[in-house]
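Everything below concerns the one structure shown next.
The values are calculated or read from the model by the stated rules, or taken from the named source; none is laboratory data. Small disclaimer: the values here were computed from a predicted structure and weren't measured. Cβ placement follows ideal geometry from the backbone for every residue including glycine, while neighbour counts extend to all protein chains displayed. To get the accessible areas, we keep the full protein, side chains included, count just its heavy atoms, and leave off ligands, DNA and RNA. Shrake-Rupley method; radii C 1.70, N 1.55, O 1.52, S 1.80 Å.
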Amino acid sequence: MPIDAAEALAAAPRVREIAWDHKDVQLYHLGIGAGLPATDPRELRYTLESRLHVLPSFATVAGGGPPGVIGALSMPGVDVDLADVLHGGQRLRAHRPVPVRGRASAASRVVAAYDKGTAAVLVLRTEVTDEGGPLWTDEAEVFVRGEGGWGGERGPSGRPAPPPAAAPDHVAERPLREDQALLYRLSGDWNPLHADPEFAARAGFDRPVLHGLCTYGGTLKSVVDTLLDGDVTRVREYRARFAGVVYPGETLRVRMWRSAGPGEGGTVRVAVGAVDRDDAPVLADTVVRFG
């Protein structure tokens, strides 16, 4: 069986040492769309090393590549074709602000394997610590078409919840570059789905699609810039479900509904759609919690 759920769940964590510096952070920020206008002080905090702040979603590529989709496929008990794999969702908990330069230990393991009958969903959790203690924890949901059927737990429903009925409190639009995926993949996600037209066709797409984690990072930037005045240190948790594809060159519309919390904290519900395709949903069940 290509997925042996029992073996995957029983495997010991896979530990790797990761390191990054300001160049990695700057490249990531450029890859998700930061830096326009280039001389805007609000953008320079993402692009200029002397003013650099680290968006927490950088955690998904810190150390040269995401442990998510590609990482899950290298775990014991998992042997599937990359063309049958989709990134279903991502969750991040920031224990402390991510430093501009760092070294840390990342321990990854499969913590859930859900049987959807004609598909499987794996949840890969990565816990990152440095000499100061826990830095962040992230979870990637990996959807594998054509798997399942072993009689395991179905897990949570895959149906996204509708966005709030009320008008959003804030709306931001994010134009994407034609070469957005080619730039973003330099941070370490080399999945050919995002660059190779022939591979994209084999996976069932008309042309290469943008990385879900690129949309994920750019959406968090929109929330931080719109509601937190660029203060990346206030982000505590961030989760999203990938509800549809994004094509480089499109414009994304980010709608935000804010709920008050204790003190200056709170929660933002977010929905993201592709403007060019009648706001077709691309991120759903998206929540940012901040302090």
Quiz item: For region 249-275, how many residues meet the condition of being modelled with pLDDT of 95 or more and either in contact with a Cys (Cβ under 6 Å, 6 or more places away or on another chain) or outside any strand (DSSP E or B) (or both)?
Solution: 3
Quiz item: Among the residues of region 176-205 satisfying the criterion of being farther than 21 Å from Gly146 by Cα, part of a helix (DSSP H, G or I) and of a type in the set (A, V, I, L, M, F, W, C), which is nearest to the chain's Cα centre (by Cα)?
Solution: Ala181
Quiz item: Can we say Pro76 is surrounded by fewer than 21 Cβ atoms within 10 Å (Cβ to Cβ), in a loop (DSSP other than H, G, I, E, B) and within 21 Å of the chain's Cα centre (by Cα)?
Solution: no
Practice problem: Give me the pairs, please: first residue somewhere in region 205-234 and more than 20 Å from Arg96 (Cβ to Cβ) and among the charged types (D, E, K, R), second residue anywhere and modelled with pLDDT of 95 or more and open to solvent by 20 Å² or more (accessible area, probe 1.4 Å), beta-carbon distance under 7 Å, and either six or more positions apart or on two chains. | Solution: Arg207/Pro197; Arg207/Tyr247; Asp225/Arg42
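I'd like the full set of residues that are small (Gly, Ala, Ser) and in contact with a strand residue (DSSP E or B) (Cβ under 9 Å, 6 or more places away or on another chain), limited to region 246-291.
Listed by number, the residues that qualify are Gly249, Ser259, Ala260, Gly261, Gly265, Gly266, Ala271, Gly273, Ala274, Ala280, Ala284, Gly291.
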Practice problem: Would you check if Val246 is part of a strand (DSSP E or B), buried (at least 19 other Cβ atoms within 10 Å of the Cβ) and not acidic (Asp, Glu)? | Solution: no
